[in-house]
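These notes are about the structure you will find just below.
Throughout, read-outs are computed from the coordinates displayed, never taken from laboratory work. Given the structure is predicted, the values throughout are model-derived calculations rather than measurements. As a convention, Cβ positions derive from the backbone with ideal geometry for all residues, glycine included, and neighbour counts pool all protein chains shown.
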Amino acid sequence: MSKPALCIFDTPQTLATAAAAEFAKLATSAVTERGRFSVALSGGSTPKALFALLAAAPYAHSLPWDKIHFFWGDERLVPPDNPGSNYYHANQILLSDVDVPAANVHRALGEGAPQEAVAAYTAELAAFAAADRRWPRFDLALMGLGSDGHTAALFPGPIPPEETSQPVISVSAEYEDRPAHRLSLTPLVFNDARHVLFLATGGGKAKAVSAVLQGSPAPEQWPAQRIQPSDGQTKWFLDPAAAALLK
Ligand code: 6PG
């Protein structure tokens, strides 16, 4: 398990520019080596600047979009046309502006009942995975960080047993004004990824960044500590405000 690499960028925009270059590098090498690139997107607001850069030149016309497969690390259980949906924003900003085939967009069925959505997404992962696997080994897991240390929809509190046995779980959690009912990939899937990239900006994330990266192990209190790929590389892209409490 390699130590996370920390990269601090002057502004959220230069961070997004670097994240777009990282996405393009990983996508190009995955397609060259394995014929496709699979990515689990994070939700929230931080990745939106990244999505916008990927939807513009040079990436919009240069990436092998027909070989890129999009999943979501977590999704809010609302319809896909609801602004509370993580798919909604990724589609609005990126997917609707690039030539990615509809079959490559593996959205979670947020409009369904929680257990139906979990079962459908679990099946979607298995269908995309290699024959003997329950979930794919993602080439990239894009992760965000909440000010409370959550990532995807893994929130502070006792770790539910299903989180350590299932690839997809149903979660209810209050955070800001966001839809509470969600589904989330679990650390089983995230920690199997080849590359994990956390994006975090703003002073509101500083305490969580410091606790997750340099605090004592407390994965119930700081869920992002649960993301430690066994045979993958983790990078944290931060701005100075989010990195302010790092030693
Ligand atoms: C979600 C995200 C969540 C997000 C963090 C950070 O569905 O909300 O997947 O894990 O990454 O809450 O959100 P911001 O980028 O908006 O701060």
Next item on the list: Send over the semi-axes of the range 59-118's equivalent ellipsoid, whole angstrom and largest first, taken as the square roots of 5 times the C-alpha gyration tensor eigenvalues.
Entry: 23, 12, 8
Check: Per the Debye formula with a single identical scatterer at each Cα and no solvent contribution, what log10 I(q)/I(0) holds for the range 92-184 at q = 0.14, 0.21 Å⁻¹?
Finding: -0.63, -1.32
Note to self: Taking a ≥ b ≥ c as the square roots of the Cα gyration tensor eigenvalues, with a/c under 1.5 meaning rounded and otherwise prolate when a/b beats b/c, else oblate, which class fits the range 7-71?
What the structure shows: prolate
Margin query: Can you compute the FRET efficiency between Glu176 and Ser230 using 1/(1 + (r/R0)^6), with r the Cβ-Cβ distance and R0 = 30 Å? Round to the nearest 0.05.
Written below: 0.40
Check: With each run of n ≥ 4 DSSP H residues scored as -39500 (n - 2.57), what mean residue ellipticity at 222 nm is computed for the chain after dividing by its residue count and rounding to the nearest 500 deg cm²/dmol?
Finding: -8500 deg cm²/dmol
Check: What is the chain by shape, rounded, prolate or oblate, if you read a ≥ b ≥ c off the alpha carbon gyration tensor as root eigenvalues and call it rounded for a/c under 1.5, prolate for a/b larger than b/c, and oblate otherwise?
Finding: rounded
Notebook entry, point to check: Counting only residues 5 or more places away or on other chains, whose amide H sits under 5 Å from the amide H of Gly202 once H atoms are built in the peptide plane?
Noted result: Asp239, Ala241, Ala242
Next item on the list: Beta carbons within 10 angstrom, averaged per residue: use that to sort the peptides 127-134, 230-237, highest first.
Entry: 230-237, 127-134
Check: Which pairs in the list Lys25/Lys247; Lys3/Lys48; Lys3/Lys25 are over 24 Å apart, alpha-carbon to alpha-carbon?
Finding: Lys25/Lys247; Lys3/Lys48
Check: Expressed as a whole number of Å, what is the distance separating the alpha-carbon centroids of the range 222-237 and the range 36-100?
Finding: 21
Next item on the list: Go through 105-117, 177-189 and give me the packing order, highest mean Cβ count within 10 Å leading.
Entry: 177-189, 105-117
Check: Applying the Karplus parametrisation 6.51 cos²θ - 1.76 cosθ + 1.60 with θ = phi - 60° to the phi angles of the range 108-123, what ³J(HN,Hα) value in whole Hz is obtained for each residue in order, glycine and proline being reported as x?
Finding: 6, 7, x, 7, x, 5, x, 5, 5, 5, 5, 5, 5, 6, 4, 5
Check: Rounded, prolate or oblate: which fits the range 1-41, taking a ≥ b ≥ c as square roots of the Cα gyration tensor eigenvalues, rounded meaning a/c under 1.5, else prolate when a/b beats b/c?
Finding: oblate
Check: Under the Karplus relation 6.51 cos²θ - 1.76 cosθ + 1.60, θ = phi - 60°, what is the ordered set of whole-Hz ³J(HN,Hα) values for the range 166-178, x standing for Gly and Pro?
Finding: 10, x, 9, 10, 8, 9, 10, 7, 8, 8, 6, 9, 8
